[in-house]
Amino acid sequence: MKKPRRNRHVVSIAAAAAVVSCVVPLAHAQKFTELAQTPPMGWNTWNTFASNINEALIRETADVMIANGMRDAGYVYIVLDDTWSAMERDAQGNLVAHPEKFPSGMKALGDYLHERGFKFGIYNCAGTKTCAGYPGGWGHEFQDARTYASWGVDYLKYDWCFSGTANAPDAYRRMSAAIRAAGRPVVLSICEWGQSKPWEWAGDVGHLWRTTGDITDCYDCQQRWERGWKVILDLQVSQVQPHTGQNDGIEKYAGPGRWNDPDMLEVGNAGLTFEESRAHFSLWCMIAAPLMAGNDVRHMSPEITALLTNREVIAIDQDRLGKQGWRYHASSTKEIWVRELDGGDWAVCLLNVGAAPADLTIHWDHMWFLPKEAKVRDVWAGKDLGAKGHELTRKVASHDVVLLRLTPTGAAAAK
């Protein structure tokens, strides 16, 4: 969600520091912690539609995601971002659906999605208003959590606009406690843009947390507060210092049930070439990012559909070991990213950061942590390349990738 003007005076320090306590049944708390054992996958309304959403769009999108294979590939969370609600709460202080956009109400929409094998996601904000000026959750956390549960909500994206001087860990812990008390297992997506280093405190509060500001559909541009996906990726790498390039950065905080979130996918949107979309998707899979599509899936090309539903690439993102990948090498021409996978496999991604196609080389002998004996598969090409030798060279288009999977053989496979 895009940041608005922030009102720093709407919330007092005393109110922000209020201690919230509640008794949560053990079974409810256990269900909460068992969610998101792999990075959540789904679709969010904001990147393409912003405030132009309604129930017909959501229902049509769900139906298309069944027909084009996205649901069966794992994209099960359909998330309504900002502007789904009425501009005011009702007389009892409850959130209500926007009467013109969602005349059937949220419960009916949730039922429609559940009947088709999806999970229902919704948006709100930890401040007094959402980023678009709709009612926020501050002071209504337990009431709202009960409302979400009654609607069948499975996923809550919780933003950070109009939060004043509030303390982020306190605010999000309050919402987390409210969700657990309501008794319905709900994935909590913490969206405070990485300002308070949520990776250091949010592992037992939510299931994923934004690490940076907002993404937009370009490679390395910056527009207002939004940045291209490569800028977002570089910012995430630099969040924890020192970072020597061997799994000692922000990636160490990620794992089953707790994920670093570099924001939603821009795959298939107008500002990216196909190659940039492929690289974007590949790198998000390498860093175990949530895969929340943000394009208009009703009108995407067969190539983008095939990209988003490639099972071998998705398997890297969804690997059950849950180890986030890291950048092993960076130069003016190329980057090499690596990720340890379940069963001793490794994923290796070679990115051309240059403005022209180039012959790029991976020197396997330099990468001491990889299995000494392994077979190599080009994942995007769907081709086995044979045994790992001393090096591998490929011509790579500008801002494109070669994505490889290494599987141990011989003595390495027996370990």
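Sorting the segments 97-104, 260-267 by their residues' average number of neighbouring beta-carbon atoms within 10 angstrom, most packed first, yields 260-267, 97-104. GNM on the chain, alpha-carbon springs under 10 angstrom: the most fluctuating residue among Asp144, Asp359, Asp296 is Asp359.
About the centre of its Cα atoms, the chain shows a dipole size close to 620 debye [charges on the beta carbon of Lys, Arg (+1) and Asp, Glu (-1) only; nearest 20 debye]. Sorted ascending by nearby beta carbons within 10 Å, beginning with the fewest, His299, His140, His329 become His299, His329, His140. Treating each Cα of segment 75-159 as one equal point scatterer and applying the Debye formula with no solvent, the log10 of I(q)/I(0) at q = 0.14, 0.17, 0.19 Å⁻¹ comes out as -0.42, -0.63, -0.80.
Considering only Leu233, Asn52, Gly93, the residue lying farthest towards the positive end of the dipole of the chain is Gly93, judged by Cα position with unit charges set on Cβ. Only the Cβ atoms of Lys and Arg (+1) and of Asp and Glu (-1) were treated as charged; on that basis the dipole of segment 297-352 about its Cα centre amounts to roughly 160 debye. What FRET efficiency do you get for Thr165 and Glu60 if R0 is 41 Å and r is their Cβ-Cβ distance, rounded to the nearest 0.05? It comes out at approximately 0.45. About its Cα centre, segment 96-244 has a charge dipole of approximately 260 debye under the convention of +1 per Lys or Arg Cβ and -1 per Asp or Glu Cβ, with nothing else charged.
Per DSSP helix of 4 or more residues, -39500 (n - 2.57); summed, then divided by the residues of the chain. What does that give at 222 nm, rounded to the nearest 500? The helix-only estimate for the chain comes to -7500 deg cm²/dmol at 222 nm. Normalised by the number of residues in the chain, the mean separation of alpha-carbon contacts (under 8 Å, six or more apart) gives a relative contact order of 15 percent. Think of segment 276-415 as a dipole: +1 on every Lys or Arg Cβ, -1 on every Asp or Glu Cβ, centred on the Cα centre; then among Ser282, Ala374, Ala293, Ala374 lies furthest on the positive end. If a spin label sat at a point 7 angstrom from the Cα of Arg311 along the line to its beta carbon, the backbone N atoms of segment 366-402 nearer than 16 Å would be those of 379-383. The residues packed around Gly74, meaning those with a beta-carbon under 14 Å from its beta-carbon, carry a net charge of 0 if Lys and Arg are +1 and Asp and Glu are -1. Using R0 = 45 Å, the C-beta based FRET efficiency linking Arg116 and Trp201 works out to 0.80. For Lys101, the lysines whose Cα comes closer than 27 Å to its Cα, not counting residues fewer than 8 places off in the same chain, are Lys2, Lys3, Lys119, Lys129, Lys157.
With the cut-off at 15 Å, report for segment 118-218 the share of all Cα pairs above it, as a whole percent. So the pairs more than 15 Å apart make up 58 percent of the total in segment 118-218. Its convex hull of Cα atoms gives segment 326-414 a direction-averaged projected area, equal to a quarter of the hull surface, of 5.5 nm². For the chain, the percent of C-alpha pairs falling in each 20 Å distance bin, counted from 0 to the bin holding the largest distance, reads 27, 56, 16, 0. Of the residues Cys221, Ala36, Ala181, the one whose Cα sits farthest towards the positive end of the charge dipole of the chain is Ala181 (charges of +1 on Lys and Arg Cβ, -1 on Asp and Glu Cβ, taken about the Cα centre). Looking at the chain, the DSSP beta bridges with both ends there are about 60 percent antiparallel.
No value in this document is a laboratory result; all are computed from the given coordinates. All values reported here derive from a predicted model rather than from experimental measurement. Cβ coordinates were reconstructed from backbone atoms using ideal geometry, including for glycine residues, and neighbour counts include every protein chain displayed.
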